[in-house]
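Only the coordinates and a few stated rules stand behind these numbers; no lab work does. Here the structure is a predicted model, which means the values were calculated and not measured. Note: ideal-geometry Cβ built from the backbone for every residue, glycine included; neighbour counts use all protein chains shown.
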Amino acid sequence: MDIKKLIGEATEYDKKEMLEYKKPKSWLKSVSAFANGMGGKLLFGINDDGDVVGLADCERDCEIISETVKTKMDPIPEIHLVPETVDGKKIIVLTVFPGKETPYYYVGDGNRQAFVRIGNESVIADRTAIRRLVLKGAGTPYDSLTSPYEYKNMAFTKLRSVCKQRTHNEFLDTDYESWGIINENGELTNAGALIADESPVRHSRVFCTRWNGLTKAPGLMDAIDDTEFSGSLISLLQEATAFVARNSKKAWKKLPDDRQEMPEYPERAVLESCVNALIHRDYLDYGSEVHIDMFDDRLEIYSPGGMMDGTMVQNQDVLNVPSRRRNPVIADIFNRLRYMDRRGSGFKKIVEDYQMYANVSNGAKPVFKSELSSFFITLPNLQYVVKDVVKDVVKDVVKEQADILSIMAENPTVTAAELASMLGLTSRHIQRLIKDLVEKEIIRREGGRKLGKWIIL
């Protein structure tokens, strides 16, 4: 058996040197997380370095694993146990399939805990994650649930006018149910509450800020334009794109026989990014809103809620990310209004829009990044000219540090792990190089791990 091939085929996996009989939580938490997510594999008999050490009594361990899963998991997830021989040594491959009855709890030690995956770790699910898992297990998305607000108190003039404007069709009274705004009992859905003119869903807001410079650092006139929008999701989309437009400049590049428009941000890329933020955000996260931050060199859009399957978008080919809809009713409404299509091609459209300006973009590309509970899209300013910061400090740094500075100049939010991947260096080596740059006062870190940025001094 080719272990490297097995690991390569498994989207998620954990390695265990041995089966811990007395501490089953050490591996059952991964069983819970895999069942609550997109599935995964546990490899028993392989150490953290990937070396095959084998198991002393493979058959006995299989029996214990099977019995422990039955007695300490609720509900019992679907698993598949397979003993394998690698280099003459016995190992166990425990496959955990994605569950349909989420949440899956570990029950033991007087605790009842559900786990989810964050990166390559299994962590305890918080209240918001539990709510998501409950809805997932019930097969009912949030936006289709009955709203606590009454339909008779809502108005939908914005929906009607936009429907007429964009589709050339009248919005009929029968459309309220067929579009999912009300259910078969005439009750307002959460989607309907979000689409209503004066949406009562208070955390459905968009904060837009045009910052003066490259960071959010306080100073004289640190924010050039700062506005908070609330109301219908349709209004939020219109107001957000209008904010970007009025805080952007358009230029023209002269060509031999024509001229080419050179906006700061391609219009379709902005629209698709804002649609993505509003449609796919996690509306169960009551303490956060969509944020649009404009800087001299980039536009950043933050949306609560990571990828539906718990994966990290930065680790995938964004042109081939499968479409998974957290809010299918809202997505369908925006599709009917022709703001998007059903094929899940939003990321592709954003990338393609920048490719149209490849001759003037200096290699600038959109950046997609996700975490368990957040999603970020960064659109580079096509008109921004990055000063040659490396040239100014190259005498004080080694080549590897010069490469780091070049990347930081174009992408101030880049992480040490991303730098290591780009430059083919170890994370430890990258950390030493960055520490030296900080000590020489060439760079400094501003903000925390999630939302922080590198500042080149």
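Data table
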read-out: Share of alpha-carbon pairs per 5 Å distance bin for the range 295-357, given as whole %; value: 4, 13, 20, 27, 22, 11, 4, 0
read-out: Given charges at beta-carbon only (K, R positive; D, E negative), |dipole| of the range 1-111 in Debye; value: 200 debye
read-out: Structure-derived semi-axes √(5λ) of the Cα gyration tensor in Å: which label, when the choices are [x] 43, 26, 20; [y] 41, 34, 18; [z] 38, 31, 18; value: [y]
read-out: Where a label projected 7 Å from the Cα of residue 205 along Cα→Cβ would reach, residues of the range 370-385 with amide N under 20 Å; value: 374-375
read-out: Cross-link reach list, aspartates and glutamates versus residue 440, counting only Cα pairs under 13 Å and skipping chain neighbours closer than eight places; value: 396
read-out: Cross-link pairs 158/216; 22/100; 100/365 - those with Cα-Cα distance over 31 Å; value: 158/216; 100/365
read-out: FRET efficiency, residue 101 to residue 432 (Cβ-Cβ, R0 45 Å, nearest 0.05); value: 0.40
read-out: Nearest-20 debye value, the range 147-212 charge dipole, Cβ charges on Lys, Arg, Asp, Glu; value: 540 debye
read-out: DSSP loop GluC sites (Glu not before Pro) with at most 12 other Cβ within 10 Å: longest gap in the chain; value: 199-440
read-out: Anisotropy class of the range 205-380 from Cα gyration tensor, a/c 1.5 cut; value: oblate
read-out: Calculated from backbone phi, Karplus (6.51, -1.76, 1.60) coupling profile of the range 144-154 in Hz, x at Gly/Pro; value: 8, 5, 5, 7, x, 9, 9, 4, 5, 8, 9
read-out: Net length gained if the chain between residue 318 and residue 422 were fully extended (0.36 nm per residue, minus Cα distance); value: 35.7 nm
read-out: Cα Rg, Dmax, the range 84-159, angstrom units; value: 20.4, 72
read-out: Dipole moment magnitude, nearest 20 debye, the chain about Cα centre, only Lys, Arg, Asp, Glu C-beta charged; value: 340 debye
read-out: For the range 7-164, the fraction of alpha-carbon pairs in successive 5 Å shells from zero, as %; value: 2, 9, 16, 18, 16, 11, 7, 5, 4, 4, 3, 3, 2, 1, 0
read-out: Per-residue ³J(HN,Hα) for the range 105-115, Karplus 6.51 cos²θ - 1.76 cosθ + 1.60, θ = phi - 60°, Hz, x for Gly and Pro; value: 9, 8, 10, x, 6, x, 10, 9, 10, 9, 10
read-out: Relative contact order of the chain, pairs being alpha-carbon contacts under 8 Å that are 6 or more residues apart, as %; value: 10 percent
read-out: Label point 7 Å beyond Cα of residue 365 along Cβ direction - residues of the range 308-335 with amide nitrogen under 13 Å; value: 314-320
read-out: Set 16/41; 249/369; 29/89 screened for pairs whose C-alpha atoms are more than 22 Å apart; value: 249/369; 29/89
read-out: Principal axis box of the range 389-456, alpha-carbon based, largest edge first, Å; value: 31, 24, 21
read-out: Part-to-part distance (alpha-carbon centres) for the range 289-306 and the range 12-61, which is given in Å; value: 39 Å
read-out: Listed residue (39, 111, 88) projecting farthest to the positive dipole end of the range 3-139, Cβ model; value: 111
read-out: Within the chain, helix-based [θ] at 222 nm, where runs of 4 or more DSSP H residues each add -39,500 (n - 2.57), nearest 500; value: -9500 deg cm²/dmol
